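Written below as structure tokens is the structure these notes are about.
Bear in mind these aren't lab numbers, they're just calculated from the coordinates by the rules spelled out. Every value quoted in this text rests on a predicted model; they were computed, and no experiment measured them. Here Cβ is always computed from backbone atoms with ideal geometry, including for glycine, and neighbour counts include all displayed protein chains.
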Amino acid sequence: MKEKNTRTAIVLGAGPAGLAAALELAQKNHRVIVFERDDIVGGISRTTEHHGYRFDLGGHRFFTKNREVEAWWHAALKADFQKTSRLSRIYYNRRFFKYPITIKDALHNAGIGPSALWFLSFLRYKICPIRPEKSFADWVTNRFGKRLFETFFKSYTEKVWGIPTSELSAEWAVQRIKGLSLWEAVRNALLQPKAKETSLIEEFNYPKYGPGMMYEAVAGQIKATGGTILTGHQVTGLRHQDGKLTGVAVTKDGLTTEHSADVVVSTIPLPDTLALLFPDSREVKTTTRNMRFRDFISVNLILDKAEVFPDTWIYVHDPSVKLGRIQNFKNWSRWMTPTQDHTPVGCEYFCNEGDALWNTPDEDLLKLAATELKAIGIGGEAAVIDGCVCRVRHAYPMYTGPYQEAITHARLLLSGISNLQVAGRGGMFRYNNMDHSILSGWLAARKLMGQDCSPWDANTEDEYHEER
């Protein structure tokens, strides 16, 4: 006879980390309630549907070194978890460069003269590197040279973050692209090693109908165990006393309700968690100001053309357009479109919530994306027959300013509340990939159930995605 659910667990946020934590707690005899601000589950890994066409918010590859995560994904979708071939390129100076960059392709596109200058620039910084390495610009320049940095890193990175690369912490480069250098590129080209950089794999898994399909399936599992998922509910208060969280206030349609729980997992943005816990603390307000996020807009177009470009996605490094990245969702999965005669394309623009781009009307954004696609030669004369716009808040934690001190202070404050754990990219203010967000959700749940672990243990192993 199954043990009755005797403890109540509240999970804030229904993204990958929140749903992973919720399912873990539900399967260990907790009465689980999940509160989600949006109307659908999946967080930034959700799938948007528009007139039968599906759009992924940013393009989410499903790959991992963690066998437990891999098994969890396959168990959730079984045959609907499919293999996808990767082709990605960089658009720069009216040319397309393969990504990951290959020596042969770079030489062909750039020519001998610029390529020689790239290599001389690399040697200069190999002999006299920038010390100390404080910024993203320092880190990349030391490993590729200034000319390659300015060609293949600077413009795109500054589009993504909206700040000079000299203000972006070197830690972001360490976490996201460590293990890569010009020496590695040359060696790989000459020796053709069997091992591949795991973030640059040529094939990965992807749900038949987009990533939202995965998290809708997990939500179904949670409900099957007796758990509750309430969408359209925004967390508006966190009450605590004597080192324990005592209540969670949520608001829907102007009505606020209070809920109590034995344990709580928060995957909402870490600054929001702190602000709700300590609303009157000036010190906490300073800490939250030092944890900034970057937002983005996915302008989704449906083109009246069967084949637009062969890539799964393209990085747009050209500074002449605002467009940052282009996704061809039919090349992620042919099931993302109801007809193979049309192509759903996602045009990504990076911005800050409330700025001019964020506040641009949808109709104008659709026109902008269509114009910029043609400006860089994508789609030819294909007509845009429909489209929609998705704005994504708190997509990327910004590693800039005194953010590390802010995280340290946040962890100190959170350690004083015994029945609360945070998890996920936003919840921990950590640039996790999807698999590490899931792992952090599990570890948060297991910590609350008495295991000797911590969600902060996720994503700290010596080898990460970009390293062999």
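Details
- Projected label points at LYS374 and LYS223, each 7 Å from Cα along the beta carbon direction, are separated by 4.4 nanometres.
- For TYR396, the residues whose amide H sits under 5 Å from its own are ARG294, ignoring neighbours fewer than 5 places away on the same chain, with H placed 1.01 Å from N.
- About the centre of its Cα atoms, the range 293-397 shows a dipole size close to 260 debye [charges on the beta carbon of Lys, Arg (+1) and Asp, Glu (-1) only; nearest 20 debye].
- Under the Debye formula (equal points on every Cα, no solvent term), log10 I(q)/I(0) of the chain at q = 0.06, 0.07, 0.12 Å⁻¹: -0.27, -0.38, -1.12
- Here the Karplus curve 6.51 cos²θ - 1.76 cosθ + 1.60, taken at θ = phi - 60°, turns the phi angles of the range 379-384 into couplings of x, x, 9, 4, 7, 8 Hz, with x standing for Gly and Pro.
- Neighbour counting of Cβ atoms within 10 Å sorts the residues LYS78, LYS447, fewest neighbours leading, into LYS78, LYS447.
- Computed [θ] at 222 nm, deg cm²/dmol, the chain (DSSP H ≥ 4; -39,500 (n - 2.57); rounded to nearest 500): -10000 deg cm²/dmol
- The largest-to-smallest principal axis extents of the Cα set in the range 293-397 are 37, 26, 25 Å.
- ³J(HN,Hα) computed for each position of the range 159-171 - Karplus, 6.51 cos²θ - 1.76 cosθ + 1.60, integer Hz, glycine/proline x: 5, 4, 9, x, 9, x, 5, 6, 9, 8, 4, 4, 4
- Proximal lysines relative to LYS305, as straight alpha-carbon distance under 27 Å, when same-chain residues fewer than 8 apart are discounted: LYS83, LYS98, LYS208, LYS322, LYS330, LYS367, LYS374
- Each of ASN419 and ALA71 was given a label point 7 Å from its Cα along the Cα-to-Cβ line. The distance between the two points is 3.2 nm.
- Fewest-first sequence of THR151, THR287, THR371 by Cβ atoms within 10 Å of each Cβ: THR371, THR151, THR287
- Per-residue extension of 0.36 nm, minus the Cα-Cα distance of SER320 and THR231, leaves a gain of 28.0 nm for this segment.
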